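The values are calculated or read from the model by the stated rules, or taken from the named source; none is laboratory data. Source: prediction; values computed, not measured. Glycine gets a Cβ as well: all are built from the backbone with ideal geometry, and neighbour counts include every protein chain shown.
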Protein chains: 2
Amino acid sequence: MSLKMRKNQSVAPPEPCMLSECMAVISGAWAPNVIWSLRAGPRRFSELRADIPPISAKVLSTRLSELEQKAVLTRHVRRTSPPSTEYRLTPLGAELLPALDAIVQVGHRLKAKRSG
Amino acid sequence: MSLKMRKNQSVAPPEPCMLSECMAVISGAWAPNVIWSLRAGPRRFSELRADIPPISAKVLSTRLSELEQKAVLTRHVRRTSPPSTEYRLTPLGAELLPALDAIVQVGHRLKAKRSG
DNA sequence: CGGTATCCTATGTGATACTG
DNA sequence: CAGTATCACATAGGATACCG
């Protein structure tokens, strides 16, 4: 067998753990969009649905619950005549924004490459 | 009905398109890990499998094909006695690294919060 | 070594209908 | 308005076996 190991054999192992740590939060359909929609301030359930056009109530609800449990956002119910619920990023959730921003930036570059 | 619209009604809509643009590339199980593993240089199939422990050959193969088709990486077969295949990030693929790096950084912060 | 083919299961996602 | 319940479906992912 060839013992001529390639020079990148000793490349430092990546940090899959840390990748997964964050990917677990921004994975799941629409999760990034939900977080992104909340970046500029609190939003209500129907506002989020409007922000993220083809999302079903069920999925949005599921996603919001998950993100709430992960302490990415908070849920605040207002007992008004037409009931309204306000979702807001926590400081922890806000920490995801730079990563999402980087993703958006790359999205632009990818699209530019494809077009140009 | 309450016409007192909330002040964030006019918050600029997010850029779900650009989010999806990049998320489409880094989504799929292990895709980010594959790209991350290639950041320091080319890797072979079995090296990638070793880098990303619980990945099955099929899924790795699938992911690599997808990423190749998206021009994120290139595949180079070496017709050596034990055949070897080298995967390497394209410049386009390299553009994803800042976003992945941001994700890793957030991963660290998330973990720190959880521990601290 | 570097895959592919087949099968199977879990999960995520969506439509619809209904409730407080 | 803000959800939940139920069902039904597509697909992603994994195990195993096999091939060049």
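Results, tabulated for the structure shown:
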quantity	calculated
Flag for A:R43 being modelled with pLDDT of 95 or more, within 16 Å of DNA strand D (Cβ to nearest atom), touching a His at 6+ places or on another chain (Cβ under 9 Å) and more than 20 Å from B:M18 (Cα to Cα)	no
Any chance B:R39 is basic (K, R) and either closer than 16 Å to B:S27 by Cβ or more than 9 Å from DNA strand C (Cβ to nearest atom) (or both)	yes
In region A:62-74, the residues that are more than 13 Å from DNA strand C (Cβ to nearest atom) and assigned to a loop (DSSP other than H, G, I, E, B)	A:A71, A:V72
Region B:24-50 residues that are of a type in the set (D, E), paired with ones that are outside any loop (DSSP other than H, G, I, E, B) and buried (at least 18 other Cβ atoms within 10 Å of the Cβ) (beta carbon under 8 Å, 6 or more apart)	B:E47/B:S37
Among the candidates A:I35, A:I26, residue that is crowded, with 22+ Cβ neighbours inside 10 Å and closer than 23 Å to B:L92 by Cα	A:I26
Qualifying residue in region A:53-62 (condition: within 13 Å of chain B (Cβ to nearest Cβ) and within 13 Å of DNA strand D (Cβ to nearest atom))	yes
Residue in region A:54-61 that is under 30 Å from B:A71 (Cβ atoms), loosely packed, with under 15 Cβ neighbours inside 10 Å and over 15 Å from the mean Cα position of the chain (by Cα) present	yes
Hits in region A:15-46 - residues which are assigned to a helix (DSSP H, G or I), facing chain B (nearest Cβ under 7 Å) and more than 18 Å from A:L60 (Cβ to Cβ)	A:P16, A:M18, A:L19, A:E21, A:C22, A:M23
Contacts under 9 angstrom Cβ, first residue in region A:71-83 being without any contact (Cβ under 8 Å) to a residue 40 or more places away in the chain and of a type outside the set (D, E, K, R), partner assigned to a strand (DSSP E or B) and exposed (fewer than 13 other Cβ atoms within 10 Å of the Cβ), 6 or more apart	A:P83/A:V77
Residue match in region A:84-96 (condition: in a helix (DSSP H, G or I), modelled with pLDDT of 90 or more and touching a helix residue (DSSP H, G or I) at 6+ places or on another chain (Cβ under 8 Å))	yes
Residue match in region B:20-35 (condition: in contact with a Phe, Trp or Tyr (Cβ under 9 Å, 6 or more places away or on another chain) and at pLDDT 95 or above)	yes
In region B:71-80, the residues that are at the interface with chain A (Cβ under 9 Å from one of its Cβ atoms) and away from DNA strand D (no atom under 13 Å from the Cβ)	B:A71
Residues (of a type outside the set (G, A, S) and either in contact (Cβ under 8 Å) with a residue 12 or more places away in the chain or outside any helix (DSSP H, G or I) (or both)) located in region B:51-61	B:D51, B:I52, B:P53, B:P54, B:I55, B:V59, B:L60
Boolean, B:L96 is more than 7 Å from chain A (Cβ to nearest Cβ) and touching a residue at least 40 places away in the same chain (Cβ under 8 Å)	no
